[in-house]
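In what follows, a single structure is set out as structure tokens and then discussed.
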Amino acid sequence: MSLRVNPGTRPGTEGLPVADQAAPRLQRAPGWAAGYSLRLAITDTLAVAVAVFGAQFTRFGLSSTDVDQIDASVGLELSYVSLSVVLVVAWVAFLAMFRTRDRRILGRGSAEFLRIWSATFWLFGFVAIAAFLTTFAFARGFILLAFPLGLILLLASRALWRRWLAR
């Protein structure tokens, strides 16, 4: 097998085999993926925040409701606004832990969507177990509204980004 020598269409590549001229393009791809991943991270955070705070507003309105305590001896008060902030941060962290923005899966196949589903499912399970094991009894309707809405918004935003990427 022999490589063709290109007369040099790019500066500094004169006389190099064609395969060697393609290498700089491959080295630029991670920078493009990093920018795309940043856009996804911003969109993911917005989708999760809209879902969680939208569920809070739907469930409680504009009132500053506190999470009910089963055991008053704990002495820790938690508002739903604080719980919502913690939930958004945890959800974004789970999306990062499950590597939903890994450049090897971006824009290809179903692995990206499966990782979003898995991260959301595991966070929902973690929240359910934590609620069971702790003394806080928060509204199940709030959680049951936030997670499906967030999952739908995350999957829809990724599908829209894929359409943009395919253009």
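The values are calculated or read from the model by the stated rules, or taken from the named source; none is laboratory data. Every value quoted in this text rests on a predicted model; they were computed, and no experiment measured them. Please note: Cβ atoms are built from the backbone with ideal geometry, for glycine as well, and neighbour counts cover all protein chains shown.
Overview of results
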| read-out | value |
| --- | --- |
| Selection within segment 122-147 - part of a helix (DSSP H, G or I) and either of a type in the set (Val, Ile, Thr) or surrounded by 14 or more Cβ atoms within 10 Å (Cβ to Cβ) (or both) | 123, 124, 127, 129, 131, 142, 143, 145, 146, 147 |
| From the options 159, 90, 55, residue that is assigned to a helix (DSSP H, G or I), at pLDDT 90 or above and over 17 Å from the mean Cα position of the chain (by Cα) | 55 |
| Positions within segment 93-107 being under 12 Å from the mean Cα position of the chain (by Cα) and surrounded by fewer than 16 Cβ atoms within 10 Å (Cβ to Cβ), in sequence order | 93, 96, 97, 99, 102 |
| Residue within segment 124-142 that is within 17 Å of the chain's Cα centre (by Cα) and polar (S, T, N, Q) present | no |
| Set 3, 38, 95: member being modelled with pLDDT of 65 or more and farther than 29 Å from residue 134 by Cβ | 38 |
| Meets criteria (at pLDDT 95 or above, in a helix (DSSP H, G or I) and within 16 Å of residue 53 (Cα to Cα)) for residue 83 | no |
| Cβ pairs under 6 Å, 6+ apart, first in segment 140-166 and farther than 16 Å from residue 124 by Cα, second buried (at least 18 other Cβ atoms within 10 Å of the Cβ) and of a type in the set (A, V, I, L, M, F, W, C) | 157/47 |
